[in-house]
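As structure tokens, the structure follows; a few thoughts come after it.
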Amino acid sequence: MKLLVATRNHHKLGEIRAILSVPALELIGADEVAGLPEVEEDAPTFEGNAIKKARTLAMASGCWTLADDSGLEVDVLGGAPGVLSARYAGAEASTPANNAKLLRELAGVRDRHARFRCVLALGSPTGRVWTVEGHCEGRILEAPRGANGFGYDPLFVPEGHEQTFAELPSGVKNKMSHRGRALSRAVSEWGGILGCLR
């Protein structure tokens, strides 16, 4: 049984594969299915983008599809970078450029409370979509630490910890991360659906 994961980001796909454990369910990435359209993430919310990706790719592929939209929200920046997290420093921005811009925006700021948020959408080939959400509260450091993870992980320290997401072992991070919490809810709420996919 196959479930299409609507991402070409190999880090994200690997993380989802490590967390989502449903017997006999094979997770395949968007790169593994020929002819899939590119989906412009132009909705103003994580939920809107996740729904759009799940519905579009499920209907285009004929496969049940799991899509997520996720990012970092910094309170003092009014929730930015938010849905622009992957392109905070520009449409073709690199991770170091995004991190550098965030640190510039927070230069001299003492309140560095932030959260990672993830919305997962499960789309059927008929166009029906279900969603769940997960988040992880924490704070932004003044300089990156750690070599694991991706994106803003080297700057984010989750509540109750002193290590960044990029310093924590992946198994520890996956249990508390926004994506891990959303996937846990997905298994709880969609277990019956996921277990019946053909």
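No lab work stands behind these numbers, since they all come straight from the coordinates. Everything numeric here is computed off the predicted structure, so don't read it as measured data. Backbone-built Cβ (ideal geometry, glycine too); neighbour counts: all protein chains shown.
How big is the stretch 118-198 by Rg and Dmax over its Cα atoms, in Å?
Just the Cα atoms of the stretch 118-198 yield Rg and Dmax of 15.4, 48 Å.
Provide Thr131, Thr95 in ascending order of the number of other Cβ atoms located within 10 Å of each residue's Cβ, fewest first. Walk me through the numbers on the way to the answer.
On the way: Thr131 20, Thr95 16.
So the ranking, lowest neighbour count to highest, is Thr95, Thr131.
Using label points projected 7 Å from each Cα along Cα→Cβ, tell me how many nm separate Leu84 and Trp130, to one decimal.
Spacing of the two 7 Å Cα→Cβ label points: 3.5 nm.
From the backbone phi of the stretch 111-128, what are the Karplus-calculated ³J(HN,Hα) couplings (6.51 cos²θ - 1.76 cosθ + 1.60, θ = phi - 60°) in whole Hz, Gly and Pro given as x?
Per residue, the Karplus-derived 3J(HN,Hα) values read 7, 10, 5, 8, 8, 8, 10, 9, 10, 9, 10, 10, x, 9, x, 7, x, 6 Hz.
Whole-Hz ³J(HN,Hα) for each residue in the stretch 26-40, computed from phi via Karplus 6.51 cos²θ - 1.76 cosθ + 1.60 with θ = phi - 60°, x for glycine and proline: what do you get?
9, 8, 10, x, 5, 5, 8, 10, 6, x, 6, x, 7, 10, 6
Note down the magnitude of the dipole of the stretch 2-194 about its Cα centre, charges +1 on Lys and Arg C-beta and -1 on Asp and Glu C-beta and zero elsewhere, to the nearest 20 debye.
220
Name the aspartates and glutamates eligible as straight-distance cross-link partners of Lys52: C-alpha to C-alpha under 14 Å, and not fewer than 8 places from it in the same chain.
Glu38, Glu40, Glu41, Asp42, Asp68, Asp69
Rank these for me by crowding, Thr164, Thr7, going from fewest to most other beta carbons within 10 Å.
Thr7, Thr164
Assuming 0.36 nm per residue, please report the length gained on full extension of the stretch Arg145 to Ser184 beyond their Cα-Cα distance.
11.3 nm
Would you order Ile16, Ile28 from fewest to most other beta-carbon atoms within 10 Å of each residue's own beta-carbon?
Ile28, Ile16
Given R₀ = 30 Å, what would the calculated FRET efficiency be for Asp111 paired with Glu162, taking r from the Cβ atoms and rounding to 0.05?
0.95
Run the simple label-point estimate for His10 and Val76 please: 7 Å along Cα→C-beta, distance reported in nm.
3.7
Using each residue's phi in the stretch 155-171, evaluate 6.51 cos²θ - 1.76 cosθ + 1.60 at θ = phi - 60° and report the 3J(HN,Hα) Karplus result to the nearest Hz, with x for Gly and Pro.
9, 9, 10, x, 3, x, 10, 10, 9, 6, 4, 7, 9, 6, x, 4, x
Can you give the FRET efficiency to the nearest 0.05 for Ala18 and Ala91, using r as the Cβ-Cβ distance and R₀ = 35 Å?
0.75
For Arg104 and Leu25, what is the calculated FRET efficiency with R₀ set at 41 Å and r taken between the beta-carbons, to the nearest 0.05?
It comes out at approximately 0.45.
In terms of Cα to Cα distance under 22 Å, which lysines are near enough to Lys173, apart from those fewer than 8 places away along the same chain?
Within the straight-line limit of under 22 Å, Lys173 reaches these lysines: Lys12.
Any idea what % of Cα-Cα pairs in the chain are farther than 32 Å?
15
Dipole of the stretch 1-110, Cα-centred, from +1 at each Lys and Arg C-beta and -1 at each Asp and Glu C-beta, to the nearest 20 debye?
140
Given the options Phe156, Ala24, His10, identify the residue whose Cα lies farthest towards the positive end of the charge dipole of the chain (+1 on Cβ of Lys, Arg; -1 on Cβ of Asp, Glu).
Ala24
Which cross-chain or sequence-distant (5 or more) residues have an amide H under 5 Å from the amide H of Lys2, H modelled 1.01 Å from N in plane?
Here Glu26 satisfy the definition.
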